[in-house]
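The values are calculated or read from the model by the stated rules, or taken from the named source; none is laboratory data. Predicted, not measured: the structure shown is a model, and the values here were computed from it. With ideal geometry, Cβ positions are generated from the backbone for all residues, glycine too; neighbour counts draw on all protein chains shown. Heads up: the accessible areas ignore ligands, DNA and RNA and are worked out on the full protein's heavy atoms, side chains in. Shrake-Rupley method; radii C 1.70, N 1.55, O 1.52, S 1.80 Å.
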Amino acid sequence: HQGPLMPADFDVAGFLTGAKAAYGMMQKAWDDADLAELRALASDKVFGELQDQIRSRGAAPNQTDLLKVDAEILEVRDVGPEREVTVLFDVLMREDRDGRPEQVREVWHFTRTRASRQPTWFLDGIQQLED
């Protein structure tokens, strides 16, 4: 099975390493209700959604153990000055200490300006995949 076509200047291994790290950072920031950290990693649209969700869940902190984070690039495309990367995350997590691990599959959309000298990609959308 052919993987997606990658632009020649796209560092697949480096991106996947960063994407998995970003998943962990976003999950921790979500658990800690750390809006500043979420703001640094997400587009305006996604940040607004996360902020609303955190507000509605109240002050109770969350505790999530990420037992496994696998990432696979589904698509890389250039749209005008932007580069968009679609990533499938296949994650095994446990939300409370005694809970059973659950598998979560999500598609995350990352974006950044191709001309950007910053290494940061911004999370621009999340789709939950139902089995």
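Exposure here means at most 16 other Cβ atoms within 10 Å; with GluC sites (Glu not before Pro) in a DSSP loop as sites, the longest stretch of the chain lacking them is 1-94.
Fraction of C-alpha pairs exceeding 19 angstrom in the stretch 79-131: 45 percent, rounded to a whole number. About its Cα centre, the chain has a charge dipole of approximately 320 debye under the convention of +1 per Lys or Arg Cβ and -1 per Asp or Glu Cβ, with nothing else charged.
Do you know the relative contact order of the stretch 1-114, to the nearest whole percent, from alpha carbon pairs under 8 angstrom that are 6+ apart? Don't skip to the end; give the middle numbers.
Numbers: 153 pairs, mean separation 24.7, N = 114.
Dividing the mean separation by the residue count of the stretch 1-114 yields 22 percent.
Using helices alone, I'd like the mean residue ellipticity at 222 nm for the chain: each DSSP H run of four-plus residues gives -39500 (n - 2.57), total over residue count, nearest 500.
Here the helix-only value at 222 nm equals -10500 deg cm²/dmol.
Between 0 and 90 degrees, the angle of helix 44-57 with respect to the longest Cα principal axis of the chain falls at about 10 degrees.
Share of the chain's accessible area from carbon and sulfur, percent, 1.4 Å? Here it works out to 50 percent. When the surface is traced with a 1.4 Å probe over the full set of protein chains, D11 keeps roughly 100 Å² accessible. Mean-square fluctuations from a GNM of the chain, with a 10 angstrom spring cutoff on Cα atoms, peak among D34, D52, D44 at D52. Taking trypsin sites (Lys or Arg not before Pro) in DSSP loop states with no more than 11 other Cβ atoms inside 10 Å as exposed sites, the chain has its longest site-free stretch at 1-96. Compare the Cα positions of A36, N62, L50 along the charge dipole of the stretch 1-99 (+1 at Cβ of Lys, Arg; -1 at Cβ of Asp, Glu; about the Cα centre) and return the one farthest towards the positive end. Of A36, N62, L50, it is N62. Annotation: amide H of G125 within the under-5 Å range of H109, sequence separation 5 or more or interchain, hydrogens built in the peptide plane.
Restricting attention to the chain, close to 95% of DSSP beta bridges with both partner residues there are antiparallel. Applying 0.36 nm per residue to the separation of D32 and I126 and subtracting their alpha-carbon distance, the gain on full extension is 31.9 nm.
Full extension of the chain between A115 and S43 yields a length gain of 24.2 nm, computed as 0.36 nm times the residue separation minus the alpha carbon distance.
A 1.4 Å probe run over the protein chains yields, for the chain, 62 Å² of accessible area per residue, whole-number rounding.
Overall shape of the stretch 17-131 was characterised from the C-alpha gyration tensor. The equivalent ellipsoid obtained from it has semi-axes of 25, 18, 12 Å, in decreasing order. The accessible area of D9, taken with all protein chains in place and a 1.4 Å probe, comes to roughly 110 Å².
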